[in-house]
Structures are given as C-alpha cells and as structure tokens.
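Q: Submitted below is the structure of interest, expressed as structure tokens.
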Amino acid sequence: MGFLEGKTAIITGAGFAALKDGSAGSIGYGIATAYAKEGANLVITGRNVAKLEAAKEKLEAAYGIRVLAVQADVNAGADNAAVVQNVVDRAIAEFGRIDVLVNNAQASASGVTLADHTTDQFDLAIYSGLYATFYYMQACYPHLKETKGSVINFASGAGLFGNYGQCAYAAAKEGIRGMSRVAATEWGPDGINVNVVCPLAWTAALENFQEQYPDAFEANVHMPPMGHYGNVETEIGRVVVQLANPDFKFMSGETITLEGGMGQRP
C-alpha cells in the first residue's frame, strides 16, 4: 500500500466503462484505480448505478480497499446542494474523513455550434461540470481543512484552445479553472492545495465516436506528438494521485495539461 492508506478520496464520474478489449475506458475509473493502488478508500459518484456498482466490485476485489458508491446527478432541476451534501455526509459516516476531492464528472452536447446551442444544452454542461465542482468543493471544505487535504479539478483543452462545437463545455471548464485559482488563494492558509488537470485519454466515448462518426472523428480528434492517447490509469490517474502527495503540496492553483505534447501553451 502507498501514502494514501487509510485516507479517503471522493471521485466524481467514476463509474466503469469498458473499451472493446475489456480494459478500463473512463477517466474517472482510471483515477479510482490509481488511488486504490495507493491504499485509499473511495467514494465514487455518477449518474449510472450499474457502472458505479461494477466499479465498486472490481476495485474492492482487486485492491482490498473499501468503496462507497453513491448515485448523484447535479442538474438544472435538482436540489443540488442537498444531492452533494448527501454524498459528503455518507462519506463521513462511512470513513470519518475526506482527504482528497477529485471533480471529474462532466456532461455536454459536444459538436453543437455556439449559434445553435440551446439553453438546455448550455445548462447541461454548466450544471454537471461547473456547478457540481462548486457544490462539492463547498461541501468538502470543512473536512479538507481538517485533514489539510487536496482538490484536483478537471478542465479541458476545449477551453484552453477554443475547440469548435464545444462552447458550453469550454465555458464550464474555464469556469472551473477560474474557481480553482480562487480556491488556491483562499484555502492555501488552511493547508489545502487546489490544482487543475486537462487530460486527453483514450476512452469508451472516443472509441464509440470513432466507430459511429469516422469522418468527424478524423476531422476533430488529433493524435498527440507522443504518438498515442493517454491511458486512463497510468498516464492520467497516476498524475492525479501525485497531486495529492505531500511532496506536491506547494503546488497550488496550477493547470497541468496531459495531452502528450498537444496541449502546449505560453
């Protein structure tokens, strides 16, 4: 076991989705696997109960850690503060502490231009991403202050570089980046570090996109200079683990781009 043994991490959007070869194809599950290998007990959330239960079963069997799976969906029609508070309350009841918060969950209507975007489509991205991150950070703050914990939020190259057809997604992700920088300033005195990751990984969603819309995939999804897309556990999840490592505590308010050389910026 590693440095997270006996500690607790909340990871949103961590249900299991499989690639065609049967391996893990969701970033949230890849992160959960990396944390489980370091001995952390996990609280995983998502909208799909079956995917959460599959993740719980696999992680507990493989790594001997405890996993609490909680269905949670932050959306425009929900009492979102209550939805998130339920996750946090159950985490404390089950494990007694929260050491790491990873805000990975996000939904969006990608491919719809700004001119054609509907309010409902915009709300989908803002609520599932920006609002969810806000509510989880706010609800976890007292517990993270107690443990001098870490927050890792997820943004995207879509926001950094203005990807075509991703206006609401980019808006949500850039909002998350701005909020994370404020939290790094406000929560630094409490011993909480807050950082942002922008990943590019091979996922089940990308695999399905390639199969169903090959022309659109070729036009919009580009191979990184490293010559491959990121692995959800070893090349994304392991970095997210290290951002909770005491050795990285002085790093806060930063955006780390994990795109195999494709996410270069000044």
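Q: DSSP beta bridges in the chain, what fraction antiparallel, as a percent rounded to 5? Before the final figure, lay out the partial values.
A: On the way: 1 of 29 bridges.
So the antiparallel bridges amount to about 5 percent of the total.
Q: Still on this structure: Which order results if Val239, Val197 are arranged by neighbouring Cβ count within 10 Å, fewest first?
A: The fewest-first ordering by Cβ neighbours comes to Val239, Val197.
Q: Among the lysines, which have Cα under 25 Å from the Cα of Lys37 when same-chain residues fewer than 8 positions away are ignored?
A: Lys7, Lys20, Lys51, Lys56, Lys58, Lys145, Lys148, Lys249
Q: Please arrange Trp187, Trp202 by how many other C-beta atoms lie within 10 Å of their C-beta, fewest to most.
A: Working: Trp187 21, Trp202 18.
Placing the least packed residue first, the sequence is Trp202, Trp187.
Q: Work out how much length Thr113 to Ala18 would gain on full extension: take 0.36 nm times their residue separation and subtract the Cα-Cα distance, in nm to one decimal.
A: Numbers: separation 95, 0.36 × 95 = 34.20 nm, distance 2.94 nm.
Separation in residues times 0.36 nm, less the Cα-Cα distance, equals 31.3 nm.
Q: Continuing with this model, one more query. Measure nothing fancy, just the Cα-based angle from helix 167-187's long axis to the longest principal axis of the chain, in degrees from 0 to 90, nearest 10.
A: Orientation of helix 167-187: about 30 degrees from the principal axis.
Q: When only C-alpha pairs under 8 Å and at least 6 residues apart count, what is the relative contact order of the range 117-215, in percent? Display every interim value, and only then the final one.
A: Details: 98 pairs, mean separation 31.6, N = 99.
Computed over the range 117-215, the figure is 32 percent.
Q: Would you please give the FRET efficiency between Glu218 and Arg97, computed as 1/(1 + (r/R0)^6) with r the Cβ-Cβ distance and R0 = 30 Å, to the nearest 0.05? Before the final figure, lay out the partial values.
A: On the way: r = 47 Å, r/R0 = 1.57.
It comes out at approximately 0.05.
Q: How large is the helix-only mean residue ellipticity at 222 nm for the chain, computed as the sum of -39500 (n - 2.57) over DSSP H runs with n ≥ 4, divided by its residue count, in deg cm²/dmol to the nearest 500? Could the numbers behind the result be given before it?
A: Working: 10 runs with 112 residues, N = 266.
Result for the chain: -13000 deg cm²/dmol, rounded to the nearest 500.
Q: Mind checking the full-extension length gain between Asn75 and Asn163? Use 0.36 nm per residue of separation minus the Cα-Cα distance, one decimal, nm. Spell out each step's value before the answer.
A: Details: separation 88, 0.36 × 88 = 31.68 nm, distance 2.38 nm.
So the chain would gain 29.3 nm between Asn75 and Asn163.
Q: Relative contact order of the range 8-258: what whole-number percent is it, with Cα pairs under 8 angstrom and at least 6 residues apart?
A: Values: 497 pairs, mean separation 54.3, N = 251.
Taking the mean separation of contacting Cα pairs over the length of the range 8-258, I get 22 percent.
Q: At a temperature of 37 °C and a viscosity of 0.692 mPa s, determine how fast the chain diffuses translationally according to Stokes-Einstein, using the Kirkwood radius over alpha-carbon pairs as Rh; express D in µm²/s, rounded to the nearest whole number.
A: On the way: Rh = 18.4 Å.
This corresponds to a translational diffusion coefficient of 178 µm²/s.
Q: Next question, about the same structure. Helix 80-95: angle to the longest alpha-carbon principal axis of the chain, degrees 0 to 90, nearest 10?
A: Its long axis makes an angle of about 40 degrees.
Q: Okay, moving on. For each of Phe161, Phe16, count neighbouring Cβ atoms within 10 Å of the residue's Cβ, then give the residues from fewest to most.
A: Details: Phe161 15, Phe16 25.
By the 10 Å Cβ count, ascending: Phe161, Phe16.
Q: Between Lys148 and Glu57, 0.36 nm times their residue separation minus their Cα-Cα distance comes to what? Walk me through the intermediate numbers first.
A: Numbers: separation 91, 0.36 × 91 = 32.76 nm, distance 2.96 nm.
Between Lys148 and Glu57, full extension yields an extra 29.8 nm.
Quick note: the coordinates plus some simple rules give every number you see, no bench work behind them. Fair warning: this is a prediction, and the values are worked out from it, not measured in the lab. Cβ atoms come from the backbone with ideal geometry, glycine included; neighbour counts cover every protein chain shown.
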